[in-house]
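The values are calculated or read from the model by the stated rules, or taken from the named source; none is laboratory data. Note that the structure is predicted; figures quoted are calculated from it, not measured. FYI the Cβ positions are ideal-geometry reconstructions off the backbone, even for glycines, and counts take in every protein chain you see. Only protein heavy atoms, including side chains, enter the accessible area calculation; ligands, DNA and RNA are left aside. Shrake-Rupley method; radii C 1.70, N 1.55, O 1.52, S 1.80 Å.
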There are 2 protein chains.
Amino acid sequence: MSSEAKQIVMRPIGVIRSPHRTPAGTPIQPTYAKDVEGEVVVAAELEPALADIDGFERIWLVYCFDRAGPFRPRVVPYRDNQERGLFATRAPSRPNPLGLSVVRLLSRQGNVLRVRGLDILDGTPLLDIKPYVPEFDAHPDSEAGWLEARREERREADGRFHSSGPGSKR
Amino acid sequence: MSSEAKQIVMRPIGVIRSPHRTPAGTPIQPTYAKDVEGEVVVAAELEPALADIDGFERIWLVYCFDRAGPFRPRVVPYRDNQERGLFATRAPSRPNPLGLSVVRLLSRQGNVLRVRGLDILDGTPLLDIKPYVPEFDAHPDSEAGWLEARREERREADGRFHSSGPGSKR
């Protein structure tokens, strides 16, 4: 598997502005952050690449969990009380700290997108934006493993996956 | 936006094995690759992180478009005949070459996942695996901008977004 050795260098294309300043209390998924609004500030020189995005009701944000702790192969997820394999969870302490959230696109002003449903920490580096396309992305009946039994449980983070800082003050 | 300056270094966690050897003819989304099977070979040392994934019917693959051409702010997408802003498309020629596909998980043997619905080129470096959770990810009625009018059109790539190579032979 020679491709494993290679490094892939990414650069943020913008930053996410949200009211969530600390991991503790931040909703663990946009589903639980329905009313949380914020902004996606894309680098000004990339504004031409945002053309036509306005017609999409939702967009994917791909971002860097820049305050995540180091990779752990097993974690106790927010909505469970036993360890699960990291790849069977959406916890931030991943080998590559890639986050993925779908948010509702409210409006665009130039290079700034107003969005709703933010479960992302303020200041998070943005790596990509993709349109949400139900034909590709929506599989409402897909079985969700251990999460099936946990639907109504924990909905906010408590800081357990973050390396340091203000989360512990809460 | 100071975070823009910072580089983020990622390393592949595995490789995707598929029958698609050239961009031309590769389905543009898993929706059009329903019967295409292949393997996700995760680095052996990460096998513990795959625990519990077996219960999920679908998984997200986050990968690197390693054969994509350079970033272009506007592209003519596969399913359109006019230019669109890159971020309003799923085209590979992105500022950060991040690909995102949901596939059906058929089985797991140690560090190897058998999957169906592959729209990904053979040898593609894998960056992350996440469980597909309908509660978070499925929004079947979300408006899809310019794609709404294009549902039944082009379903295979023709190599237009790739830097070189065999695509042009087809």
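Data overview
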quantity: For chain A, accessible area per residue (1.4 Å probe, heavy atoms of protein chains only), Å²; calculated: 40
quantity: Inter-copy label distances at A:P19 (7 Å, Cα→Cβ; nm, one decimal); calculated: 5.2
quantity: Hypothetical label at B:L106: residues of the stretch B:115-135 whose amide nitrogen lies under 14 Å (7 Å Cα-Cβ projection); calculated: B:115-119
quantity: Pairwise label distance in nanometres, B:V9 with B:R21, each label 7 Å out on the Cα-Cβ vector; calculated: 3.5
quantity: Position A:E37, label points 7 Å along Cα→Cβ, spacing to each other copy in nm (shortest first, one decimal); calculated: 5.0
quantity: Inter-copy separations for A:R116, label at 7 Å along Cα-Cβ, nm, ascending; calculated: 3.8
quantity: Base-10 log of normalised Debye intensity for the stretch B:34-88 (one unit scatterer per alpha-carbon) at q = 0.13, 0.20, 0.25 Å⁻¹; calculated: -0.62, -0.94, -1.13
quantity: 5 angstrom amide H check on A:R74, placed H, neighbours 5+ away; calculated: A:L86
quantity: Too-long pairs where the Cα-Cα distance tops 23 Å, listed order kept, from A:K34/B:K34; B:K6/B:K130; A:K34/A:K130; calculated: A:K34/B:K34; B:K6/B:K130
quantity: Karplus 3J(HN,Hα) series, Hz, for the stretch B:94-99 with 6.51 cos²θ - 1.76 cosθ + 1.60 (x for Gly, Pro); calculated: 9, x, 10, x, 9, x
quantity: Mean ellipticity per residue at 222 nm, deg cm²/dmol - from DSSP H runs of n ≥ 4 across the protein assembly as shown, formula -39500 (n - 2.57); calculated: -500 deg cm²/dmol
quantity: Cut-off under 5 Å, modelled amide H: who pairs with B:H162 long-range; calculated: B:G69
quantity: Axis-nearest residue in chain A [Cβ, rotation onto B], distance in whole Å; calculated: A:A138, 2
quantity: A:E135-B:V76 pseudo-label distance in nm [points 7 Å out on the Cα-to-Cβ vector]; calculated: 1.9
quantity: Whole-percent carbon and sulfur share, accessible surface of chain A, 1.4 Å; calculated: 45
quantity: The stretch B:32-157: C-alpha gyration tensor shape, a/c 1.5 cut-off, then a/b vs b/c; calculated: prolate
quantity: Interchain or long-range residues, amide H under 5 Å from A:G14's placed H; calculated: A:A43, A:L126
quantity: Per-pair calculated FRET efficiency, R0 = 30 Å: B:S163 and A:D35 via Cβ, rounded to 0.05; calculated: 0.10
quantity: Cα→Cβ-extended label distance, 7 Å offset, between B:E143 and A:E83, nm; calculated: 4.8
quantity: Selected from B:V102, B:P125, B:A138, residue furthest toward positive end of dipole (the stretch B:90-152; charges at beta carbon); calculated: B:P125
quantity: Protein accessible surface hidden between B and A, which excludes ligands and nucleic acids, total in Å², probe 1.4 Å; calculated: 7500
